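Working notes for the structure below.
The values are calculated or read from the model by the stated rules, or taken from the named source; none is laboratory data. Computed from a predicted model, the values in this text were never measured in an experiment. Here the Cβ positions follow ideal geometry from the backbone for every residue, glycine too, while neighbour counts run over all protein chains shown.
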Amino acid sequence: MFFFIGGIQPKKVELDSSPRACPSCGLLQAKLKRVDHYLSLFFIPLFPVKKGAPFLECENCGSLSHESGEPWFKTSRVHEMRCPKCGGLVESTFRYCPACGTRISRGLL
């Protein structure tokens, strides 16, 4: 008896290694990515079957947006708010960044 294990599986591909400004948090940590689908055999991707649409994914806040910058939806990580200048951790009650001293405006968090 002989079995093949195969199918179509998604794979996230990074299109551009240079970071862009995130439309949600404003930091330069959004990368241009795309989800491609591959024909796989024994869980090894062999051939690309379908290319997905490009999107921006922020490594800081986790938000996803269109390539143009329009947000799809925003996932908030309340415990990981960051300073727009230095990227240091900032709690929601802080008025100044504890790492660099920059004034934090409520619109940026």
* To do: May I ask you to list pairs of residues, at least six apart or on different chains, whose Cβ atoms are under 7 Å apart, with the first in segment 35-50 being in contact (Cβ under 8 Å) with a residue 40 or more places away in the chain and the second being surrounded by 12 or more Cβ atoms within 10 Å (Cβ to Cβ) and among the aromatic types (Phe, Trp, Tyr)?
  => Val49/Tyr38
* Do the conditions hold for Gly69, that is, is it small (Gly, Ala, Ser), at pLDDT below 85, assigned to a loop (DSSP other than H, G, I, E, B) and on the phi > 0 side of the Ramachandran plot? -> yes
* Any idea which of (1) surrounded by fewer than 16 Cβ atoms within 10 Å (Cβ to Cβ); (2) on the phi < 0 side of the Ramachandran plot; (3) assigned to a loop (DSSP other than H, G, I, E, B) is the one Lys85 doesn't satisfy? -> (1)
